[in-house]
Amino acid sequence: MSKVGFIGLGNMGLPMAKNLVKAGHDLQVFDTVPAQLDKAAEAGMTTCLTAALAAENADFIITMLPNGEIVLSVFELITKAATKGTTIIDCSTVDVSSSKKAHAMADEAGLGCLDAPVSGGVGGAEAGTLTFMVGGEKSAFDNALPILDIMGGKSVHCGAGGAGQSAKICNNMLLGISMIGAGEAFALAEKLGLDQQALFDVISTSSGFCWSVNKYCPVPGVGPQSPADNDYKPGFAGALMLKDLKLSQQAAEETGAATPMGKRAMQFYENYVDEGFGNTDFSGVINQLKTMKRQS
Ligand code: NAD
């Protein structure tokens with residue numbers, strides 16, 4: 001069994017760490033919020049007073065933090081404290097350039113490093129069914145796979161350091177665009193007097209099918225159970241979708257890629273969050289579309 005340092009025990013990190021404990025691993029953990037440490041202690045983890053202490057003598061160090069700036073500040077501490085040969089797995093969603101900086105810091109300290117952002121949300125973290133999109137050395141990936149397999153159902157090695165973040169940003173940009181598209185289709189259908197269930201039955205078996213309709217339909221009572229059936233409680237919050245769309249636009253800016261729909265989707269979710277829906281599921285944009293006036 002491995003000794004795992006885990007830093008960042010929020011909505012995602014805590015259930016991921018719990019799954020590692022259940023599998024028999026020895027967890028030493030840190031979070032800046034004492035209440036999260038209390039929950040970790042209840043679940044059988046050893047709590048630490050600093051990130052550096054959580055990193056000491058660990059085989060793997062997992063970070064699950066809010067953004068690139070925080071990840072780099074934590075890497076500053078843990079790369080000094082970790083033993084050579086340890087692999088750091090950063091599961092946070094961050095911008096590609098911060099991720100590459102984090103890889104460079106680990107490399108300089110003689111540590112292995114993977115960027116391994118996830119898809120699957122809190123439900124996936126609890127169930128241990130996350131998808132990991134992983135960047136870094138293939139040997140580090142192979143070494144970390146038994147750990148990733150406990151927390152997830154699928155891990156894809158996407159390429160060199162930063163490739164996991166690149167894949168995550170591209171996936172979520174498409175998701176944001178497709179959810180707005182799904183909302184527009186169902187909002188237009190309503191205006192046309194078309195039954196929403198009938199439209200679902202058509203789209204879900206026709207060329208318009210996509211995850212946003214087939215698995216996560218934004219219309220209550222239609223399709224499989226989704227946040228729409230639970231008053232749009234997340235799920236995946238609008239603020240997190242906005243975060244990922246901003247990361248996609250930062251990456252597009254840095255690389256010169258043309259992403260006009262991604263940019264529009266970001267503006268759409270900016271408006272969604274500004275109107276107070278940051279903690280509402282991202283599929284709730286359909287309700288804005290239904291009340292919006294057509295602009296010619
Ligand atoms: P969260 O805000 O619930 O958790 C982040 C945790 O990090 C908090 O407990 C916070 O106290 C802790 N933290 C902040 N600064 C710290 C520091 N310097 N040292 C130690 N701990 C610190 O966020 P979350 O929902 O768990 O998301 C974590 C990451 O996963 C984010 O990058 C997010 O974009 C990504 N993500 C989230 C979801 C989701 O559905 N929530 C899905 C996929 C990816």
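Here are the numbers for the structure shown:
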| item | result |
| --- | --- |
| Listing of helices (runs of 4 or more DSSP H) fully contained in segment 193-296 that carry 1 or more residues being within 16 Å of Leu175 (Cα to Cα) | 211-214, 238-255, 260-272, 285-291 |
| Residues satisfying the stated conditions in segment 27-55, i.e. assigned to a strand (DSSP E or B) and closer than 15 Å to Pro15 by Cβ | Leu27, Val29 |
| Of residues in segment 35-55 being within 26 Å of Phe141 (Cα to Cα) and within 11 Å of the ligand (Cβ to nearest atom), the one most open to solvent (accessible area, probe 1.4 Å) | Ala52 |
| Those residues of segment 11-34 which are within 6 Å of the ligand (Cβ to nearest atom) and open to solvent by less than 30 Å² (accessible area, probe 1.4 Å), in sequence order | Gly13, Asp31 |
| Lone unmet requirement of (1) modelled with pLDDT of 95 or more; (2) under 22 Å from the mean Cα position of the chain (by Cα) for Gly124 | (1) |
| Any hit, segment 96-118, residues being within 23 Å of Asn19 (Cβ to Cβ), within 11 Å of the ligand (Cβ to nearest atom), under 14 Å from the mean Cα position of the chain (by Cα) and open to solvent by 30 Å² or more (accessible area, probe 1.4 Å) | no |
| Considering residues of segment 119-152 that are within 14 Å of Lys168 (Cα to Cα) and surrounded by fewer than 24 Cβ atoms within 10 Å (Cβ to Cβ) only, the residue farthest from the ligand (Cβ to nearest atom) | Thr131 |
| Subset tally (residues that are among the hydroxyl-bearing types (Ser, Thr, Tyr), surrounded by fewer than 24 Cβ atoms within 10 Å (Cβ to Cβ) and either within 11 Å of the ligand (Cβ to nearest atom) or not in a loop (DSSP other than H, G, I, E, B) (or both)) for segment 56-86 | 2 |
| Selection from segment 231-243 of residues that are in contact (Cβ under 8 Å) with a residue 12 or more places away in the chain and open to solvent by 30 Å² or more (accessible area, probe 1.4 Å) | Lys233, Pro234, Gly235, Phe236, Ala239, Leu240, Lys243 |
| Residue selected from segment 169-204 under the condition within 30 Å of Glu253 (Cα to Cα) and without any contact (Cβ under 8 Å) to a residue 60 or more places away in the chain, by the criterion surrounded by the most Cβ atoms within 10 Å (Cβ to Cβ) | Ala185 |
| Residues satisfying the stated conditions in segment 129-153, i.e. within 14 Å of the chain's Cα centre (by Cα) and not polar (S, T, N, Q) | Leu130, Phe132, Met133, Val134, Met151, Gly152 |
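The values are calculated or read from the model by the stated rules, or taken from the named source; none is laboratory data. Predicted, not measured: the structure shown is a model, and the values here were computed from it. Reconstructed Cβ throughout: ideal geometry from the backbone, glycine too, with neighbour counts over all protein chains shown. What goes into the accessible areas is simple: the full protein's heavy atoms, side chains included, and nothing from ligands, DNA or RNA. Shrake-Rupley method; radii C 1.70, N 1.55, O 1.52, S 1.80 Å.
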